[in-house]
1. Hey, among the residues in region 217-243 that are more than 9 Å from the ligand (Cβ to nearest atom) and of a type in the set (Gly, Ala, Ser), which one's surrounded by the fewest Cβ atoms within 10 Å (Cβ to Cβ)?
2. Please verify whether residue 56 is more than 30 Å from residue 6 (Cα to Cα), in a helix (DSSP H, G or I) and modelled with pLDDT of 85 or more, treating the condition exactly as stated.
3. Looking at region 153-175, I want the residues that are of a type in the set (Ser, Thr, Tyr) and have a partner that is surrounded by 10 or more Cβ atoms within 10 Å (Cβ to Cβ) with Cβ atoms under 9 Å, at least 6 apart or on another chain. Which pairs are those?
4. Checking the conditions here, which among 122, 151, 196, 182 is in the same structural domain as residue 283 (by TED's automatic domain parsing) and of a type outside the set (A, V, I, L, M)?
5. From 266, 260, 246, which residue is at pLDDT 65 or above, outside any loop (DSSP other than H, G, I, E, B), within 10 Å of the ligand (Cβ to nearest atom) and small (Gly, Ala, Ser)?
Amino acid sequence: MKTAAFLRIIGFAIFGFLFLHYIGTTGEASIFIEKPWLWGAFGILMLIYIAGEVCIAALSSILYRSLKPEKQAKYDEDLVLAKENQFSWIKTTYKNLLGTKPVEEEGEIVLDHNYDGIRELDNKLPPWWVYGFYATIIFAIAYMVNYHVFDGTDQIEEYQIALAEAKIEIEDYKKTAKDLIDINTVVRLTKASDLDAGKGIFTGNCVACHKADGGGGIGPNLTDDHWILGGGIKNVFEVISEGGRAGKGMVSWKAELKPAEMAQVASYVLSLHGTNPADPKEPEGEIWVDPSAPVEEVEVNVKDDKEVEVMIEDQPVTGDVVKEE
Ligand code: HEC
């Protein structure tokens with residue numbers, strides 16, 4: 001067999017592989033990985049193709065041998081000629097594109113001037129250059145009409161459109177990729193569906209230590225103002241994700257629960273705040289004041305000499321700090 005046949009076989013293999021890969025692949029992995037039997041089918045296809053090439057080569061060799069010697073010589077001659085002229089069309093196209101006169105004909109286009117022996121040729125401009133130039137003129141007109149007559153979208157508008165589209169895409173992405181939440185991005189969820197899901201997770205995993213109503217048992221009361229490890233969505237999320245203090249019994253849940261689920265159960269825990277559990281555990285830890293809460297009104301009531309009651313309300317400030325004496 002000849003080199004050309006080998007090249008054809010290799011080309012066929014590469015083309016076939018890429019074709020199947022691009023046509024067939026739908027998911028992340030190549031179709032060749034998803035459907036390993038395809039390798040077998042591909043191999044059989046290659047065998048058939050190679051058999052075809054072998055048949056053609058054998059046939060032409062038989063035909064050649066059946067020719068008379070003078071015809072064989074003619075055949076060889078034609079083959080050599082065909083090879084020589086194989087790429088002649090490239091040369092002609094190249095010449096035409098350049099548009100210059102060959103050196104032998106330059107006499108026809110030489111100009112009269114003669115500056116100390118330096119003469120000038122009046123060659124035509126190369127067609128590729130001329131047509132390129134015409135193209136820029138047409139482009140310029142189209143451009144001017146579009147942007148200066150009909151007020152097309154300029155860069156800034158295009159940027160803003162792209163930005164708006166990207167925002168929508170990000171929203172969509174977040175909807176499907178809820179598990180991107182971490183301690184820095186978690187927010188308190190308020191939708192009933194999320195809280196219901198949180199309740200389900202709480203009932204399934206947490207009630208043994210925190211009681212069904214959050215009143216506390218082995219674990220602390222989750223309904224009061226007191227938090228050992230800090231209140232608010234971020235702290236609660238972190239405790240659930242990373243666990244409490246070592247040896248206290250509150251383990252890390254991030255291996256069992258997805259980030260979205262931890263956000264749901266954390267939000268559910270916070271929704272228990274202020275409820276009245278049946279048998280509440282003594283408050284543990286400190287009263288937690290949200291440092292990022294919008295504004296707070298602090299009211300200090302001095303009831304008697306020793307007892308000081310601090311009340312914190314989550315309402316916007318309407319007046320100054322009130323002190324009663
Ligand atoms: C094995 C018992 C146990 C289980 C189960 C358990 N906890 Fe806890 N939890 C504790 C203990 C004990 C603490 C106190 C940790 C400490 O003092 O460091 C705690 C602390 C907490 C705190 C912090 C309370 C504070 O005052 O700062 C939160 C929030 C919490 N748990 C939520 C949950 C959630 C949600 C689940 C279910 C996914 C859960 N816990 C499951 C025992 C448990």
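The values are calculated or read from the model by the stated rules, or taken from the named source; none is laboratory data. As the structure is a prediction and not an experimental result, all values here were calculated from the model. Here the Cβ is made from the backbone with ideal geometry for all residues, glycine too, and neighbour counts use every protein chain on show.
1. Step by step, filter region 217-243, then rank; the result is 232.
2. When the stated conditions are applied, residue 56 does not pass them.
3. Between residues of region 153-175 that are of a type in the set (Ser, Thr, Tyr) and residues that are surrounded by 10 or more Cβ atoms within 10 Å (Cβ to Cβ), the close pairs are 153/147; 153/161; 173/180.
4. 196
5. Only one candidate passes the filter, namely 266.
Yes/no per residue for (1) outside any helix (DSSP H, G or I); (2) at pLDDT below 85; (3) closer than 29 Å to residue 92 by Cβ:
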position: 104; (1), (2), (3): no, yes, yes
position: 123; (1), (2), (3): yes, yes, yes
position: 129; (1), (2), (3): no, no, yes
position: 141; (1), (2), (3): no, no, no
position: 146; (1), (2), (3): no, no, no
position: 156; (1), (2), (3): no, no, no
